Amino acid sequence: MEELFEQGEALKGVRILDITRIILGPWASTLLAELGAEVVHVEIPGAGDLLIRAVGPQGQFPRNISPGMMCASANKYYLAVDLHKPEGLDLIKRLAASSDIIMENFKPGTFDKWGIGYRQLRELNAGIVYLSMQGFGNWGSLATRPSYDAYAQGITGLAEITGFPDAMGVKSSAWIGDFLSGTVAAFYTMAALYHRKRTGKGQFIDLSQAEVLLRCMDWTWLYGFLKKKRRERFGNRDMAVVPSCIVRVEDGFVALAGFSEAEFEGLCLAMNRPDLLVYKPIEQRLVEAETIYEAIETWARTRKTGEIRELGERHGFAVAQVMNVKDLHQSPHFNQRHSIWKFDDPLWGDLCYPMALHLADTPGRIRWSMRPVGFDNEYVLRKMVGCSAAEVAALYENGVVGRWNEQMAFTKPPVGWDGQQGLLFRE
């Protein structure tokens, strides 16, 4: 993996001022940071972004690490600034003047009121790409409502179509509303940056988390429009791609699919059910989905994962074990591809991340993980803003910038930190 760090970075030289909270915004900037963008993540002194730093299963924060925050925090510089002070807002303006991208997800109108909205900052930097991420956008009857992942999954209907027919709708356990919307936000940002390269003009991006989820509702949206019917819940069965399902086996669960005619024929042969070949045409299988799924579930129930996987390889249909995190950590395939990124973080020690940015010449990479609140204050203020040592001291003295709260484990360095390890700037 060492040779990977000798390759170039796709977004080297792009500076992002990230003033976002929770997951949606930080995830967008993390994707770009993993591709080499220089990202300054702004929090308040003391507690930092409490709504994500305080997220840990059952309140567990091993090594003072916030599991919730760590998944959306790589490669950033952490600056803690009080935005309620004029001097703090002045620091933001000075950083914005030399940045390519601004990201924020505060309540609509907040940054305009503080004097750091798009209209004000474009006067300082005409090429700025300003990404505003909200639950429901910057205008409209729902614009001022707060949004969280579960809220977004509910109000867009995603939870209503997820789950089993005889049960309530189900929220995805992963924060899909945040991660999917953050990924789309990064994509929109790159489109705006490319437009700036051609025209020299920055622009405002109004991203709505709810609208991203609406856009990703597969055939549900058009079906409801044309048929005037709600989509039913089908549990682990896909009724538009047949067969494609998750079924119980003797030792767990497997995901199984045989949509092409050749794959379906192979599945029928593996099950010793040649009678099902009358449903070989794709359109016929859609009509007889119930019969096909019942046959698959009955057959699979008395077989082990390994047997079904071997049959899939022999007969040419798709099958995979439903994996847990331990399985994934040990996966030969994902480890061979460096999709399971194991590294020695300069502050936290051994860590592990998933990684999917495999660009041949400019691959994504993780240089470090999350940092304590205000950990990189000196580096950002001295190297990026251009403050003198005396100015930095005055900013601390006046409470404009600060560091972590010693009483909050998830805001501070690991136990036993030597006061120097991991720091990027030293006098």
Please name all residue pairs, on different chains or six or more residues apart, with Cβ atoms under 7 Å, provided the first residue is in the range 2-23 and is under 16 Å from Asp361 (Cβ atoms) and in a loop (DSSP other than H, G, I, E, B) and the second residue is at pLDDT 95 or above and of a type in the set (A, V, I, L, M).
-> Glu9/Leu35; Ala10/Leu35; Leu11/Leu32; Leu11/Leu35; Leu11/Ala37
Residue that is nearest to the chain's Cα centre (by Cα) [pool: residues in the range 24-45 that are among the β-branched types (Val, Ile, Thr) and assigned to a strand (DSSP E or B)] | Val39
Could you tell me whether any residue of the range 372-394 is under 23 Å from the mean Cα position of the chain (by Cα) and at pLDDT below 95?
-> no
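Quickly run through the range 118-150 and pick out the residues that are under 15 Å from Arg21 (Cβ atoms) and surrounded by 14 or more Cβ atoms within 10 Å (Cβ to Cβ).
Leu131, Ser132, Met133, Gln134, Gly135, Ser147, Tyr148, Asp149
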Please enumerate the residues belonging to the range 7-35 that are farther than 13 Å from Ile102 by Cβ, among the small types (Gly, Ala, Ser) and crowded, with 23+ Cβ neighbours inside 10 Å.
-> Ala33
When residues of the range 46-68 are filtered for being under 19 Å from the mean Cα position of the chain (by Cα) and either farther than 19 Å from Ser29 by Cβ or not in a loop (DSSP other than H, G, I, E, B) (or both), how many remain?
-> 10
Look through the range 404-422, keep the residues that are touching a Leu at 6+ places or on another chain (Cβ under 9 Å) and assigned to a loop (DSSP other than H, G, I, E, B), and return whichever of them is nearest to Asn75 (Cα to Cα).
-> Gly422
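Looking only at residues in the range 333-353 that are part of a strand (DSSP E or B) and hydrophobic (A, V, I, L, M, F, W, C), which one is farthest from the chain's Cα centre (by Cα)? Step through it out loud before you land on a result.
Taking the range 333-353 as the starting set, the residues that turn out to be part of a strand (DSSP E or B) are 340-345, 349-353.
Now narrow it down to the ones that are hydrophobic (A, V, I, L, M, F, W, C): 340-341, 343, 351-352.
Numbers: Ile340: 16, Trp341: 16, Phe343: 20, Leu351: 18, Cys352: 16 Å.
Ranking the qualifying residues of the range 333-353, first place goes to Phe343.
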Give Arg122, Arg94 a once-over and let me know the one that is touching a helix residue (DSSP H, G or I) at 6+ places or on another chain (Cβ under 8 Å), basic (Lys, Arg) and modelled with pLDDT of 95 or more.
-> Arg94
Residue in the range 330-339 that is farther than 30 Å from Trp27 by Cβ, among the hydroxyl-bearing types (Ser, Thr, Tyr) and surrounded by fewer than 16 Cβ atoms within 10 Å (Cβ to Cβ) present | no
Is it true that Gly177 is farther than 30 Å from Val129 by Cβ and surrounded by 15 or more Cβ atoms within 10 Å (Cβ to Cβ)?
-> no
Number of the condition not met by Leu91 [criteria: (1) within 25 Å of the chain's Cα centre (by Cα); (2) touching a residue at least 40 places away in the same chain (Cβ under 8 Å)] = (1)
Tabulated pairs, the range 342-367, first without any contact (Cβ under 8 Å) to a residue 12 or more places away in the chain, second surrounded by 10 or more Cβ atoms within 10 Å (Cβ to Cβ) and aliphatic (A, V, I, L, M), C-beta under 8 angstrom, 6+ apart or interchain = Lys342/Leu351; Asp344/Leu351
May I ask you to verify whether Ala72 is surrounded by fewer than 22 Cβ atoms within 10 Å (Cβ to Cβ) and either closer than 23 Å to Leu131 by Cβ or touching a residue at least 40 places away in the same chain (Cβ under 8 Å) (or both)?
-> no
Could you identify the single residue in Ala320, Ala270 that is more than 21 Å from Cys71 (Cβ to Cβ) and surrounded by 19 or more Cβ atoms within 10 Å (Cβ to Cβ)?
-> Ala270
Is it true that some residue in the range 105-115 is among the β-branched types (Val, Ile, Thr), surrounded by fewer than 19 Cβ atoms within 10 Å (Cβ to Cβ) and in the same structural domain as Arg365 (by TED's automatic domain parsing)?
-> yes
Counting residues that are of a type in the set (Phe, Trp, Tyr) and either at pLDDT 95 or above or touching an Asp or Glu at 6+ places or on another chain (Cβ under 6 Å) (or both), which helices (runs of 4 or more DSSP H) fully inside the range 175-290 reach at least 3?
-> 176-199
Taking Gly127 as the residue in question, decide whether it is farther than 27 Å from Cys387 by Cβ and in the same structural domain as Gly402 (by TED's automatic domain parsing).
-> no
Scanning the range 291-309 residue by residue, the ones that are part of a loop (DSSP other than H, G, I, E, B), surrounded by fewer than 12 Cβ atoms within 10 Å (Cβ to Cβ) and not polar (S, T, N, Q) total 1
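The values are calculated or read from the model by the stated rules, or taken from the named source; none is laboratory data. Just so it is clear, the structure is predicted and the values come from calculations on it, not from any experiment. All Cβ positions, even for glycine, are placed from backbone atoms using ideal geometry, and neighbour counts span all protein chains on display.
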